[in-house]
Amino acid sequence: MKGLAGKGILVTRPREQAEPLIERLQAAGAHPVSFPAIEIAPPQDAARLRQGLNRLPEFDWLIFISPTAVARFFAEFGERTLPASIHIAAMGEGSARALRQRGAGEIACPEGNADSESLLALPALQAVRGQKIMIVRGEGGRELLAETLRARGAEVEYAECYRRRPPAADVAPVLAEFRRGAVDAITASSGEGVDNLFALLGEAGAGFLRDTPWFVPHTRIAETVRRLGVRQVAVSAAGDDALLTMLEEWFAHG
């Protein structure tokens with residue numbers, strides 16, 4: 001990936017998710033600038049989460065929305081073993097990879113986009129009438145997945161095992177990187193992170209954010225970025241491989 005050599009790439013993922021991408025950017029010769037735009041915190045109602053996990057044998061499906069959901073779920077679930085009869089699904093390959101690392105067997109996972117629409121298109125989730133489904137996620141977020149599964153006749157509950165919040169961050173270092181021309185691209189993995197980044201950097205950073213090319217894994221995130229006045233937005237497929245390939249091609253041909 002010679003096109004990435006010496007390029008400054010702003011990584012805005014939560015700290016828990018950023019390290020693998022940072023390591024790959026460094027291996028490609030890039031200069032990653034880490035500035036988490038979302039902080040992951042414990043859920044507001046940990047007791048409710050524990051009660052739900054204790055009832056896990058009642059459920060037919062366990063659906064994980066993100067790698068963070070996987071990590072926080074197992075941090076709370078501890079050394080217990082998942083019920084052998086439960087089916088597991090993951091929103092995207094990142095979540096599926098995190099589940100495999102924890103010994104999960106067969107995982108239903110869409111190829112391509114890591115979103116509710118792709119997950120709902122899986123054949124395994126079509127005939128779910130009468131089944132009980134637990135969705136493991138952070139607090140809040142889209143309701144499409146649960147609403148559609150309920151419309152298909154399933155009983156759906158949430159296991160909300162973390163919450164997202166804007167970090168209490170010192171913006172001076174990242175603004176200094178922009179001012180000296182050391183940020184050539186920005187990566188973002190959620191619309192919430194995009195909004196947080198603009199709010200955190202304020203007017204001092206708005207021009208830099210709008211003038212720098214952004215790389216995101218979904219058209220919904222791209223819409224958020226464009227709404228805030230960014231001029232160049234590229235949408236990759238899900239996963240770090242696709243993101244790195246797009247970054248390489250952008251700079252190789254730029």
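Inspect all residues belonging to the stretch 64-83 and state whether any of them is within 18 Å of V156 (Cα to Cα), modelled with pLDDT of 90 or more, aromatic (F, W, Y) and not assigned by TED's automatic domain parsing to the domain that holds S236.
Checked against the condition, which is being within 18 Å of V156 (Cα to Cα), modelled with pLDDT of 90 or more, aromatic (F, W, Y) and not assigned by TED's automatic domain parsing to the domain that holds S236, the stretch 64-83 yields at least one hit.
Only one of (1) within 21 Å of R180 (Cβ to Cβ); (2) in contact with a helix residue (DSSP H, G or I) (Cβ under 9 Å, 6 or more places away or on another chain) is not met by E39, so which one is it?
Result: E39 fails condition (1) only.
What number goes with the only condition from (1) assigned by TED's automatic domain parsing to the domain that holds L56; (2) aliphatic (A, V, I, L, M); (3) touching a helix residue (DSSP H, G or I) at 6+ places or on another chain (Cβ under 9 Å) that L197 does not pass?
Here L197 meets the rest and fails (1).
Would you mention how many residues in the stretch 54-81 are of a type outside the set (F, W, Y), surrounded by 15 or more Cβ atoms within 10 Å (Cβ to Cβ) and without any contact (Cβ under 8 Å) to a residue 60 or more places away in the chain?
Number of matching residues: 2.
Restricting to the stretch 54-76, name every residue that is in contact with a helix residue (DSSP H, G or I) (Cβ under 7 Å, 6 or more places away or on another chain) and more than 19 Å from E106 (Cβ to Cβ).
Listed by number, the residues that qualify are S66, T68, A71, E76.
When the stretch 60-118 is examined, which residues are found to be charged (D, E, K, R), closer than 21 Å to V235 by Cβ and part of a loop (DSSP other than H, G, I, E, B)?
Scanning the stretch 60-118 gives E111, D115.
Might you let me know whether the stretch 226-236 holds any residue that is over 20 Å from V183 (Cβ atoms), out of contact with any Ser or Thr (no Cβ under 7 Å at 6 or more places or on another chain), loosely packed, with under 15 Cβ neighbours inside 10 Å and assigned by TED's automatic domain parsing to the domain that holds E203? Walk me through how you get there before you give the answer.
Let us first name the residues in the stretch 226-236 that are over 20 Å from V183 (Cβ atoms), namely 227.
Checking which are out of contact with any Ser or Thr (no Cβ under 7 Å at 6 or more places or on another chain) leaves us with 227.
Still in the list and also loosely packed, with under 15 Cβ neighbours inside 10 Å: 227.
Adding the requirement that they be assigned by TED's automatic domain parsing to the domain that holds E203 leaves 227.
Scanning the stretch 226-236, I find at least one residue that is over 20 Å from V183 (Cβ atoms), out of contact with any Ser or Thr (no Cβ under 7 Å at 6 or more places or on another chain), loosely packed, with under 15 Cβ neighbours inside 10 Å and assigned by TED's automatic domain parsing to the domain that holds E203, so the answer is yes.
Give A84, A89, A121 a once-over and let me know the one that is under 22 Å from the mean Cα position of the chain (by Cα), of a type in the set (A, V, I, L, M, F, W, C) and loosely packed, with under 15 Cβ neighbours inside 10 Å.
None of the others qualify; the one that does is A121.
Using beta carbons and a limit of 7 Å, which pairs, at least six apart or on different chains, have the first residue in the stretch 38-53 and farther than 27 Å from L200 by Cα and the second one of a type outside the set (A, V, I, L, M)?
Going by the 7 Å Cβ cut-off, the qualifying pairs are L49/P43; L49/E76; L49/E160; L49/C161; R50/E76; G52/E157; L53/E76; L53/F77.
Taking only the stretch 198-223 into account, find how many residues are of a type in the set (A, V, I, L, M) and within 25 Å of L144 (Cβ to Cβ).
The qualifying residues number 3.
Go through the residues of the stretch 121-132 one by one and say whether even a single one is within 27 Å of A47 (Cα to Cα) and either touching a residue at least 60 places away in the same chain (Cβ under 8 Å) or assigned by TED's automatic domain parsing to the domain that holds G239 (or both).
Checking the stretch 121-132: at least one residue is within 27 Å of A47 (Cα to Cα) and either touching a residue at least 60 places away in the same chain (Cβ under 8 Å) or assigned by TED's automatic domain parsing to the domain that holds G239 (or both).
Could you please find all residues in the stretch 148-175 being over 30 Å from V33 (Cβ atoms), exposed (fewer than 14 other Cβ atoms within 10 Å of the Cβ) and aliphatic (A, V, I, L, M)?
The answer is A151, and nothing else.
Limited to the stretch 95-114, what total is found for residues that are closer than 17 Å to H218 by Cβ and either modelled with pLDDT under 85 or surrounded by fewer than 19 Cβ atoms within 10 Å (Cβ to Cβ) (or both)?
Number satisfying all stated conditions: 4.
The values are calculated or read from the model by the stated rules, or taken from the named source; none is laboratory data. It should be emphasised that the depicted structure is a prediction, and the values quoted were computed from it without experimental measurement. Note that each Cβ is placed from the backbone with ideal geometry, even for glycine, and that neighbours are counted across all protein chains shown.
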